[in-house]
Amino acid sequence: MKKLILVGCFVLGATVASFAQGGGGQGGRGGMNMKPEDRAKAMQTALKLTDDQTAKITAIYTAQTAKQDSIMKANNGDRQAAMGAMRPMREATNAKIKALLTEDQKAEFDKMSQRGGGRGQGGGQGGQGGGTPPPPPAK
């Protein structure tokens, strides 16, 4: 009986620790760690993008990811310095994406950026943390 209780406590502790780590899944940062294809697909759903728009945005995000990696390496892992260097790059990425969008899509893209959903689209401030994860789906 003691072993069963001990195992239960261990499982509970491991579960709590994994949730405390954050990240993963669909919540958290909203995409800074997502693959370019996944970020574009998320935008396709949110903004009702065409397949052509999605393909072009995927290419933009792929280029941005390569630049981000080189900036991180150039700053020797100094996250604060890298984030400062990435700000102009993110703004340029947003401008390229907005050039592909309709007026309605641009308005929604701006709303997403303002409320933090745009962090995956290069908006937002970056840095650590992440806010509250989304609520579980309704049953």
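The values are calculated or read from the model by the stated rules, or taken from the named source; none is laboratory data. Because the structure is a prediction, the values reported are computed rather than measured. In this analysis, Cβ positions are derived from the backbone assuming ideal geometry, glycine residues included, and neighbour counts consider all displayed protein chains.
The set of residues from region 76-124 being surrounded by 15 or more Cβ atoms within 10 Å (Cβ to Cβ), among the polar types (S, T, N, Q) and at pLDDT below 85 comprises Ser113, Gln121.
Total residues in region 76-106 satisfying the condition of being of a type in the set (S, T, N, Q), under 23 Å from Thr58 (Cβ atoms) and not in a helix (DSSP H, G or I): the figure is 1.
Residues checked against (1) modelled with pLDDT under 55; (2) part of a loop (DSSP other than H, G, I, E, B); (3) surrounded by 15 or more Cβ atoms within 10 Å (Cβ to Cβ); (4) of a type in the set (Lys, Arg):
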| residue | (1), (2), (3), (4) |
| --- | --- |
| Thr15 | yes, no, no, no |
| Ala46 | no, no, yes, no |
| Leu49 | no, yes, yes, no |
| Ser70 | no, no, no, no |
